[in-house]
Amino acid sequence: RKEVEQDPGPFNVPEGATVAFNCTYSNSASQSFFWYRQDCRKEPKLLMSVYSSGNEDGRFTAQLNRASQYISLLIRDSKLSDSATYLCVVNRDTGRRALTFGSGTRLQVQP
Amino acid sequence: GAGVSQSPSNKVTEKGKDVELRCDPISGHTALYWYRQRLGQGLEFLIYFQGNSAPDKSGLPSDRFSAERTGESVSTLTIQRTQQEDSAVYLCASSRDRGDTQYFGPGTRLTVL
């Protein structure tokens, strides 16, 4: 089983739609969690951290469910510019190789 | 300040040749990571440097791959006797410390003919 698992998609949604991605992680000792965004043929960039109480940044909401070991990302009022691959990232905080990246979920927002 | 930079941005080489990829991390970042990303795939961890500690080489796919880092500065990833399956984008990232937000460079696109 992969340490971090994501549905690869693609998720094809119309502009203005609400879309949600889930990500599951296998190590219950994981400490911190992030969502990164990667545009086509570009490097990944941090989108937002995920806090235990859940957090919101504009149209983006991230939530953590430790009991079920998953994190989610909700995007409201999708824009064309949201089209990208969203990478789930987990910090195991053990050993020296701390961050583990999921393979990503591809989102395509259509006009 | 400047972000993570990598060179070259593109490298085309013939099978069997050696290549060297370079990464300049953000100044003051103690942690540096190398990843490989094949077309349409996720990030594959290769190697991790933290300060002056011995690197974590657990992700290197074969002994043809090696990397060095001088102190907390530049790192080079060397691939010897390149194979076609080595074709990928090689991404470097740095962070202030282990577990902190990683900032990625633009990557080096390697094509082995």
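The values are calculated or read from the model by the stated rules, or taken from the named source; none is laboratory data. Here the structure is a predicted model, which is why all the values come from computation and not from measurement. Glycine gets a Cβ as well: all are built from the backbone with ideal geometry, and neighbour counts include every protein chain shown.
Values for this structure:
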{"item": "Tally, over the stretch A:66-103, of residues that are part of a strand (DSSP E or B), modelled with pLDDT under 95 and more than 14 Å from chain B (Cβ to nearest Cβ)", "result": "1"}
{"item": "Within chain B, strands (runs of 3 or more DSSP E) holding 3 or more residues that are within 14 Å of the chain's Cα centre (by Cα)", "result": "B:5-7, B:19-24, B:31-37, B:44-50, B:65-69, B:75-79, B:88-95, B:108-112"}
{"item": "Any hit, the stretch B:12-31, residues being in contact (Cβ under 8 Å) with a residue 24 or more places away in the chain, loosely packed, with under 13 Cβ neighbours inside 10 Å and at positive phi", "result": "yes"}
{"item": "Matching residues in the stretch A:2-34 - criterion: being within 14 Å of another protein chain (Cβ to nearest Cβ), surrounded by fewer than 14 Cβ atoms within 10 Å (Cβ to Cβ) and closer than 21 Å to A:LEU80 by Cβ", "result": "A:PRO10"}
{"item": "Exclusive hit being within 14 Å of chain A (Cβ to nearest Cβ), over 20 Å from A:LEU46 (Cα atoms) and at pLDDT 95 or above, set B:ASN10, B:ASN52", "result": "B:ASN10"}
{"item": "Filter pass, B:GLU68 being loosely packed, with under 14 Cβ neighbours inside 10 Å, more than 9 Å from chain A (Cβ to nearest Cβ) and more than 14 Å from B:LYS17 (Cβ to Cβ)", "result": "yes"}
{"item": "Residue within the stretch B:76-89 that is surrounded by fewer than 20 Cβ atoms within 10 Å (Cβ to Cβ) and within 14 Å of another protein chain (Cβ to nearest Cβ) present", "result": "yes"}
{"item": "Residue in the stretch B:21-31 that is in contact with a strand residue (DSSP E or B) (Cβ under 6 Å, 6 or more places away or on another chain) and facing chain A (nearest Cβ under 9 Å) present", "result": "yes"}
{"item": "Checking B:ASP97 against (1) at pLDDT below 95; (2) away from chain A (no Cβ under 14 Å), the condition it does not meet", "result": "(2)"}
{"item": "From the options A:ARG41, A:ARG37, A:ARG106, residue that is farther than 28 Å from B:ASN52 by Cα, within 10 Å of chain B (Cβ to nearest Cβ) and part of a strand (DSSP E or B)", "result": "A:ARG106"}
